[in-house]
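Novice: Can you keep this structure in mind? I'll have questions shortly.
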Amino acid sequence: MRKIGQNTVRIGATVVALILGGAIVFGWVYLHDDGGSTMAAEIGGPFSLVDHHGKSVTDRDYLGKPALVFFGFTNCPNVCPATLLEMTNQLKELAQDADRLNVLFITVDPERDTPQQLALYLSSFDPRITVLSGTPENILAAEKDYHNYAKKVPLENGGYTMDHTATVAMMNSKGQYVGAIHYEAPSATTRAKLHRLLGLGNS
Ligand SMILES: [Cu+2]
């Protein structure tokens, strides 16, 4: 009798542990999955900025073509130049097909990155890249839309640098988020993603 009782208690405890464990795993998977897809669906949105020619533009000006959207600043020591160089190389490889793609680099440092400064900076990279600036409020709104993190970091010399997200968002021609190109991804991986974005074969 006593032995059966102990076993019953043990089995009971195991069942409770299994149910709790299952609930935790289910809850995590459910939240994790839901969070991921919701976030993906929310990336992108309306913006109102100024291009490097000084022309006012909105997100609607870039619909009709797939787009790459990423953030940075011209004083960036390495991440931004590396990304812009990679994009310049990718556009060169795409040749004529690059004309079917919008590449938007949005400054997180509107204080220093005026349209003139951006135009000067862009002269080192593919001219098909568009660089955008705007009012601090409008830049912040765009950063929020694209889930970009950016923060001013003071330097010892009295100046400042910017911490920021280095991921490139891929948008389809309707302005919907379809994926990301991660910082320092192999060029071949990025190339394959761009081919898919443009509906090109896997050449
Ligand atoms: Cu940067």
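Each value in this text was obtained by applying a stated rule to the coordinates, not by laboratory testing. No experiment lies behind these values; they were computed from the predicted model shown. Cβ sites come from the backbone with ideal geometry, for glycine too, and all protein chains shown count toward neighbours.
Novice: Which of the chymotrypsin sites (Phe, Trp or Tyr not before Pro) across segment 121-203 are loop residues per DSSP, with 14 or fewer other Cβ within 10 Å?
Specialist: Answer by residue number: Tyr149, Tyr183.
Novice: Excluding Tyr121 itself, calculate the net charge of residues whose Cβ lies under 14 Å from the Cβ of Tyr121, where each Lys or Arg counts +1 and each Asp or Glu counts -1.
Specialist: -3
Novice: So what's segment 93-203 giving for Cα Rg divided by 2.2 N^0.38 Å, two decimals?
Specialist: Normalised by 2.2 N^0.38 Å, the Cα Rg of segment 93-203 equals 1.19.
Novice: Could you order the peptides 68-78, 90-100 from most to least packed, using the average number of other C-beta atoms within 10 Å per residue?
Specialist: Going by the mean number of other Cβ atoms within 10 Å, highest first, we get 68-78, 90-100.
Novice: Average projected area of the Cα convex hull of segment 75-141, in nm²?
Specialist: Spelled out: convex hull of the Cα atoms, projected over all directions, averaged, 4.6 nm².
Novice: Stretch Leu63-Leu198 to full length: gain in nm at 0.36 nm per residue minus the Cα-Cα span?
Specialist: 47.2 nm is the gain from fully extending Leu63 to Leu198.
Novice: Return, for the Cα atoms of segment 31-144, the radius of gyration and Dmax in Å, separated by a comma.
Specialist: 14.6, 45
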